[in-house]
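In what follows, a structure is listed as structure tokens, so that the remarks can point back to it.
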Amino acid sequence: MKRVRANTTSAIAALAMLLALLLNPASAQSDVIDRILATVNGHVILQSDLDEALCYEAVLNGRTLDQFSGEDRRAVLDQLIDQELLGEQMKSAFFQHASESEAASQIVDARKQYPEGATAEGWQSVLARFQLSERDLLTHVQRQIDLMRLVDVRLRPAVQIDSKTIEDYYREKFVSQLKQSGAEDVPPADVSAKIRELLTQEKVNQLLVSWLQTLRSESRVSVPGAPVAEGAQTQ
């Protein structure tokens, strides 16, 4: 009698669980989709974090989510790992953080990629397609600006571009680019500042790659071998 009662109780519990899953399929789906993709010094990066990052990447660059290949998704996951590492460095760095108005000006440029973005209502419909809010997008852009400023503060002082390097670039690359485009000659003095900034940024990018490699080697970064799944969000 006790065994029959126990079996009946188990059957009722199983039925209740099945009904719960049927009535709330979204929660069951999230358990499958929102898995751990990477950990950075104990901080977890989830599938949902990648999905959200892809949405930001898409809306700011005028892309659709189905345009992201598996390689693109892995690249964005790498960016999330790098951002986590740089975010830890940001805690001890001193620089002027981005204001809302600075972030808003970049979002204005992004809106121009969408014809419907000309109106507030149309822009909200664009954000809704990516399941993003205007506040979330603003916060995301502010953080991206902060990360770029962190890199500049940390790496730019180490870059020195001398006059000979600028002259060599002008003679070996800039002049040939002018000829190919059919443009008129430009005196070196008129473009030396632009060339210096170009070369400085190239060097900063090289230093950033090395810095990130060092940060990864000094950190606990784990990326499971499972492939990055297609995000649940669609456009």
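The values are calculated or read from the model by the stated rules, or taken from the named source; none is laboratory data. A quick note: this is a predicted structure, and the numbers were derived from the prediction, not measured. Cβ placement follows ideal geometry from the backbone for every residue including glycine, while neighbour counts extend to all protein chains displayed. All accessible areas refer to the heavy atoms of the entire protein, side chains included, with ligands and DNA or RNA removed. Shrake-Rupley method; radii C 1.70, N 1.55, O 1.52, S 1.80 Å.
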Inset, instruction - Kindly indicate whether ARG135 is basic (Lys, Arg), in a helix (DSSP H, G or I) and within 28 Å of GLY62 (Cα to Cα). - result: yes
Legend entry - Pairs with Cβ under 7 Å, 6+ apart, first in region 159-180 and in a helix (DSSP H, G or I), second at pLDDT below 90: GLU167/PRO188; TYR170/PRO188; LEU178/ASP185; LEU178/VAL186
Inset, instruction - Tally the residues that are under 17 Å from LEU50 (Cα atoms), open to solvent by 50 Å² or more (accessible area, probe 1.4 Å) and out of contact with any Pro (no Cβ under 9 Å at 6 or more places or on another chain), restricting the search to region 73-95. - result: 2
Inset, instruction - Give region 181-206 a look and list any residue that's part of a loop (DSSP other than H, G, I, E, B) and on the phi < 0 side of the Ramachandran plot, or say none. - result: ALA183, GLU184, ASP185, VAL186, PRO187
Inset, instruction - Take ALA98 and decide whether it is open to solvent by less than 90 Å² (accessible area, probe 1.4 Å), touching a helix residue (DSSP H, G or I) at 6+ places or on another chain (Cβ under 6 Å) and touching a residue at least 60 places away in the same chain (Cβ under 8 Å). - result: no
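Does region 77-92 contain any residue that is of a type in the set (Val, Ile, Thr), assigned to a helix (DSSP H, G or I) and over 30 Å from VAL221 (Cα atoms)?
No, region 77-92 has no match at all.
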Legend entry - Residue ID - surrounded by the fewest Cβ atoms within 10 Å (Cβ to Cβ), chosen from residues in region 180-223 that are over 18 Å from ILE166 (Cα atoms) and small (Gly, Ala, Ser): GLY182
Inset, instruction - Please state which of the following conditions ASP109 fails to meet, knowing it meets all the rest: (1) at pLDDT 95 or above; (2) of a type outside the set (Lys, Arg); (3) assigned to a helix (DSSP H, G or I). - result: (1)
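For every residue, the table says whether it meets (1) in contact with a strand residue (DSSP E or B) (Cβ under 7 Å, 6 or more places away or on another chain); (2) among the hydrophobic types (A, V, I, L, M, F, W, C); (3) crowded, with 17+ Cβ neighbours inside 10 Å.
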| residue | (1), (2), (3) |
| --- | --- |
| ILE107 | no, yes, yes |
| GLU116 | no, no, no |
| GLN124 | no, no, no |
| LEU132 | no, yes, yes |
| LEU137 | no, yes, yes |
| GLN142 | no, no, yes |
| VAL153 | no, yes, no |
| ALA158 | no, yes, no |
| ASP168 | no, no, no |
